[in-house]
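Reading through the structure tokens given below for one structure.
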Protein chains: 2
Amino acid sequence: MKDIRVNLKKYPYHIIIGRNTIKFLPALLKKLSIGKDACIITNPAIKKRYGSSVSRLLRAAGFSDKFIVVADSEKSKSLACAWRVIRNLAAYDKNKRIFIVALGGGVIGDLSGFIASVYKRGVGYIQVPTTLLAQVDSSIGGKTAVDLKEAKNLIGAFYHPRLVLSDVNFLKTLPKRQIKSGLAEVIKYGLIKDKRLFSFIENRYRDILSADTASLEYIVAASAAIKAKIVSLDEKEEKGIRTLLNFGHTIGHAIEAAGGYLRYNHGEAIALGMVFAADLSQRLRLLNQQAFKRIVELIKDSGLPVSARNISLQKVLNAHYRDKKFRGKRNRFVLINAIGEAKIKEGIPLKLIKKSLQKILLPAYLL
Amino acid sequence: MKDIRVNLKKYPYHIIIGRNTIKFLPALLKKLSIGKDACIITNPAIKKRYGSSVSRLLRAAGFSDKFIVVADSEKSKSLACAWRVIRNLAAYDKNKRIFIVALGGGVIGDLSGFIASVYKRGVGYIQVPTTLLAQVDSSIGGKTAVDLKEAKNLIGAFYHPRLVLSDVNFLKTLPKRQIKSGLAEVIKYGLIKDKRLFSFIENRYRDILSADTASLEYIVAASAAIKAKIVSLDEKEEKGIRTLLNFGHTIGHAIEAAGGYLRYNHGEAIALGMVFAADLSQRLRLLNQQAFKRIVELIKDSGLPVSARNISLQKVLNAHYRDKKFRGKRNRFVLINAIGEAKIKEGIPLKLIKKSLQKILLPAYLL
């Protein structure tokens with residue numbers, strides 16, 4: 001079991017990672033003095049699989065529990081859904097000391113965190129992420145949000161959980177495509193900060209993809225430690241440190257948007273974005289060819305795409321220009337000098353960007 | 001002109017108060033580096049009266065302006081309205097550096113603050129309060145909120161403005177009932193913290209009610225200074241200091257709720273709540289009879305009610321028990337030892353509470 005501290009001045013919190021860590025839930029909650037009445041936001045599949053055991057744990061320790069179920073869909077990450085959950089909460093919350101448990105993946109986590117941030121001007125919540133992507137990324141760092149039709153994550157707040165409890169046993173039943181999607185973010189951490197983690201995945205990707213819990217525990221802990229450190233240094237993305245986490249995401253997001261969020265899931269789009277960023281790093285003579293090859297190889301081995309077809313380069317460029325992180329006229333990318341070493345570069349010539357985009361966006365006839 | 005600093009660790013801000021202070025808006029905005037594109041949330045009446053002059057000031061200084069108008073109604077303080085405004089914002093906000101200006105009373109201020117807190121995980125906003133109640137109370141302190149059918153202020157955040165710009169000239173055209181409503185909060189500040197302010201109102205209530213700007217400037221500045229100090233000491237109402245601001249509000253809110261928010265406006269209900277709290281203070285031998293009489297006299301002189309008829313005592317008690325600030329089983333009231341000296345008391349016998357309620361809630365035949 002690993003215990004990682006997110007070192008925030010005002011509300012520091014812990015990330016607990018391991019196999020069967022869920023059994024510590026009641027004891028951890030008691031230590032937090034977070035409340036007596038657990039409102040568990042989850043989806044039907046997760047409730048069916050884990051609901052009764054979580055309920056039993058809580059009740060045996062004297063907590064009450066109330067499940068609020070939302071559809072297993074990106075659409076649940078919406079203001080309309082948040083509104084419905086809040087009205088449920090309000091109806092339930094009479095003379096209670098409620099707190100929120102986000103039991104699920106990124107959609108549940110982002111939605112629950114947003115609700116916790118605005119309900120009664122903020123109630124305590126904890127994250128119990130059940131996907132690899134949520135365990136290594138979205139459950140940590142306090143970015144909560146819901147989408148609007150106009151753009152993803154347009155409404156939200158920085159609002160930290162009081163605890164992140166990651167049980168890698170949850171990942172054993174995860175569909176392989178979701179393991180791969182989470183693995184893309186893990187590769188990202190290796191590329192920006194941790195060459196040992198990168199090598200670990202090179203050696204163990206088969207174990208990881210078959211959900212070997214020891215391997216999963218290692219990569220979740222290594223990833224969480226990096227994210228925790230970066231978030232501690234730059235909580236609200238004001239100092240350019242947290243920006244490093246966007247490696248592969250600038251173009252990744254644009255690819256997701258250009259594909260209407262249907263073609264590629266987050267990890268797959270990020271994989272393409274990382275190939276782009278690595279290629280651009282090479283063109284700018286930051287990264288050597290051998291490292292570039294290792295990166296492309298590992299992404300392939302992880303079952304993630306390194307090129308896409310039938311996605312218009314112009315659409316991706318347009319989506320990129322609409323990105324809320326795009327500052328004024330100068331573009332800005334996170335690139336790498338070497339595996340494990342990231343840096344931010346601004347004002348890269350459009351010609352080079354297009355060349356690196358051509359590397360990942362193939363015309364249909366080439367495939 | 002008065003310049004009061006709200007001394008928060010992370011985001012300190014200033015409250016500027018005076019006559020015709022609106023002319024400083026562009027210079028103050030530039031000093032804040034808050035953005036270039038002003039999104040002004042307001043209502044039709046205020047836009048009609050002040051829109052073009054505010055617009056002229058902003059444009060002359062190189063800012064762009066976009067007005068987003070909501071209905072002049074409590075109903076605008078809703079999640080549905082917030083949602084509509086946010087979609088307006090999102091449609092407008094392309095390659096811009098927007099910030100929000102809340103130009104209006106409490107509804108506009110609370111709504112705008114909430115929107116600023118959640119749009120893109122927080123954008124800068126300033127308060128330009130146009131009512132006495134907003135200038136002395138709701139614009140200061142960072143409590144933003146919208147209502148749900150289930151309860152008022154159920155959704156919100158602590159999110160501070162970057163500036164509060166109070167121009168007392170705005171108050172010259174305010175309906176007298178609204179001046180009185182704001183004056184109730186000013187009397188509250190006098191009662192909990194500032195006997196000189198209380199005496200000032202005793203001497204000048206006629207000037208205040210006829211919107212004499214020098215008198216208004218004095219009471220707005222004195223009130224804002226007290227609120228700023230209290231908020232600086234206890235930003236998130238965690239230390240029992242900010243609680244003092246609830247003097248008269250516990251029962252005041254219950255009276256508002258029991259009357260379906262139609263019979264009494266906020267200030268009138270607070271006036272009744274203050275008479276209740278002063279009476280209870282007297283019953284508990286904290287306050288002497290002479291001070292009690294002065295309080296009732298001043299509330300009357302200010303054109304505010306000191307008793308109500310046809311409001312059921314039981315309804316008020318029930319609404320009180322539902323109050324989100326009601327902690328568990330022990331009740332809790334802000335009382336006064338003397339004019340200008342507040343203290344918190346818990347566990348007051350229900351019998352005494354009922355007696356003090358009978359003092360303000362008269363049966364119909366007595367009137």
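The values are calculated or read from the model by the stated rules, or taken from the named source; none is laboratory data. Bear in mind that the values here come from a model prediction, so they are computed numbers and not experimental data. Quick reminder, even Gly has a Cβ in these numbers, built from the backbone with ideal geometry, and neighbours come from all protein chains shown. The accessibility values were calculated without ligands, DNA or RNA, using every heavy atom of the protein model including side chains. Shrake-Rupley method; radii C 1.70, N 1.55, O 1.52, S 1.80 Å.
Under a 5 Å amide H to amide H cut-off, with H placed in plane at 1.01 Å, what residues pair with residue B:163 once short-range neighbours are removed?
B:127
Please give the per residue volume of the convex hull enclosing the alpha carbon atoms of the protein assembly as shown, rounded to a whole number of Å³.
Spread over its residues, the Cα hull of the protein assembly as shown gives 150 Å³ apiece.
Return the calculated 222 nm mean residue ellipticity for chain A, to the nearest 500 deg cm²/dmol, obtained by summing -39500 (n - 2.57) across DSSP H runs with n ≥ 4 and dividing by the residue count.
Calculated at 222 nm, the ellipticity per residue is -14000 deg cm²/dmol.
Taking all protein chains as present, what is the carbon and sulfur share of the accessible area of region A:221-279, in % to the nearest whole number, probe 1.4 Å?
Values: 960 of 1710 Å².
Within region A:221-279, the accessible surface is 56 percent carbon and sulfur.
To the nearest 10 square angstrom, how much accessible area does residue B:301 have with a 1.4 angstrom probe?
In the full protein context, residue B:301 sits at about 60 Å².
What are the ³J(HN,Hα) values, in whole Hz, obtained from phi via the Karplus relation 6.51 cos²θ - 1.76 cosθ + 1.60 with θ = phi - 60°, for each residue of region B:16-31 in sequence order, with x given for Gly and Pro?
9, 10, x, 9, 6, 6, 4, 5, 7, 3, x, 5, 5, 4, 4, 4
Cα centroids of region B:150-225 and region A:15-77: how far apart, whole angstrom?
46
Copy-to-copy spacing for residue A:347, label 7 Å out on the Cα-to-C-beta vector, in nm, shortest first?
6.9
List, shortest first and in nm to one decimal, how far the label point of residue A:151 (7 Å from Cα along Cα→Cβ) is from its counterparts in the other copies.
Result, one decimal in nm: 3.4.
Relative to the isolated chain, which residues of region A:131-157 have their accessible area cut by 40 Å² or more in the presence of all protein chains (1.4 Å probe, heavy atoms, no ligands or nucleic acids)?
For region A:131-157, once contacts with the other chains are taken into account, A:148, A:150, A:154, A:155, A:156 lose 40 Å² or more.
Heavy atoms only, probe 1.4 Å: what % of the accessible area of region B:82-123 goes to carbon and sulfur, would you let me know?
48
Taking chain B as a Gaussian network, where each spring joins two C-alpha atoms under 10 Å apart, which residue of B:171, B:25, B:132 fluctuates the most?
Evaluated over chain B, the most mobile residue of the options is B:25.
Over the whole of A:119-126, what's the average partner chain Cβ count within 10 Å per residue? Rounded to a whole number, please.
4
Tell me, what ³J(HN,Hα) does each residue in region A:83-98 have, in order and in whole Hz, if you take phi through Karplus 6.51 cos²θ - 1.76 cosθ + 1.60 with θ = phi - 60° and put x for Gly and Pro?
4, 4, 5, 4, 5, 4, 4, 4, 5, 7, 7, 10, 6, 10, 10, 7
Under the classification rounded if a/c is under 1.5, otherwise prolate if a/b is larger than b/c and oblate if not, where does region B:1-146 fall, given a ≥ b ≥ c as square roots of the Cα gyration tensor eigenvalues?
Since a/c stays below 1.5, the shape of region B:1-146 is classed as rounded.
Along Cα→Cβ at 7 Å, what distances in nm separate the residue A:32 label point from those on the other copies, shortest first?
3.4
Picking from B:271, B:91, B:221, which is most flexible by a Gaussian network model of chain B using Cα springs under 10 Å?
B:91
Build a GNM of chain A with springs between Cα atoms under 10 Å: which of A:170, A:198, A:292 gets the top mean-square fluctuation?
For chain A, modelled as a Gaussian network with Cα springs under 10 Å, the answer is A:292.
Note down the magnitude of the dipole of region A:1-119 about its Cα centre, charges +1 on Lys and Arg C-beta and -1 on Asp and Glu C-beta and zero elsewhere, to the nearest 20 debye.
320
In Å², and per residue, what accessible area does region B:81-163 have when probed at 1.4 Å with the other protein chains present? Mind showing how you got there, number by number?
Details: 2140 Å² over 83 residues.
Value returned for region B:81-163: 26 Å² of accessible area per residue.
According to the square roots a ≥ b ≥ c of the eigenvalues of the Cα gyration tensor, what is the shape class of region A:120-160, taking rounded for a/c under 1.5, prolate for a/b larger than b/c otherwise, and oblate for the remainder?
Judged from the Cα gyration tensor, region A:120-160 comes out oblate (a/c at least 1.5, b/c at or above a/b).
Could you tell me which of the pairs A:149/A:236; A:30/A:143; A:315/B:75 are separated by over 32 angstrom between their Cα atoms in the structure shown?
A:315/B:75
What number comes out for accessible area per residue over region B:172-213 if the probe is 1.4 Å? Units Å², please.
Numbers: 1930 Å² over 42 residues.
Accessible area per residue, region B:172-213: 46 Å².
Whole-Hz Karplus ³J(HN,Hα) for region B:204-221, in order, using 6.51 cos²θ - 1.76 cosθ + 1.60 and θ = phi - 60°, x for Gly and Pro?
Couplings: 10, 4, 5, 4, 4, 5, 9, 6, 5, 5, 5, 5, 4, 4, 4, 6, 5, 5 Hz.
In degrees between 0 and 90, to the nearest 10, how far off the longest principal axis of chain B does helix B:266-283 point, with axes built from Cα atoms?
30
Considering only the protein assembly as shown, what is the antiparallel percent among its DSSP beta bridges, to the nearest 5?
About 40 percent, rounded to the nearest 5.
Determine which aspartates and glutamates satisfy two conditions relative to residue B:351: a Cα distance under 14 Å, and not lying fewer than 8 residues away in the same chain.
B:279
Ranked from the most accessible area to the least, with a 1.4 Å probe and all protein chains present, what is the order of B:345, A:10?
Result, largest first: A:10, B:345.
Label region A:218-261 by shape, choosing from rounded, prolate and oblate, from the square roots a ≥ b ≥ c of the eigenvalues of the Cα gyration tensor; if a/c is under 1.5 it is rounded, and otherwise prolate applies when a/b is larger than b/c, oblate when it is not.
Numbers: a/c = 3.43, a/b = 1.54, b/c = 2.22.
Oblate.
May I ask for the accessible area buried between chains A and B, both sides summed, probe 1.4 Å, to the nearest 100 Å²?
2900
With axes computed from alpha carbons, what is the tilt in degrees of helix A:350-360 against the longest principal axis of chain A, rounded to the nearest 10 within 0 to 90?
Tilt relative to chain A: about 70 degrees.
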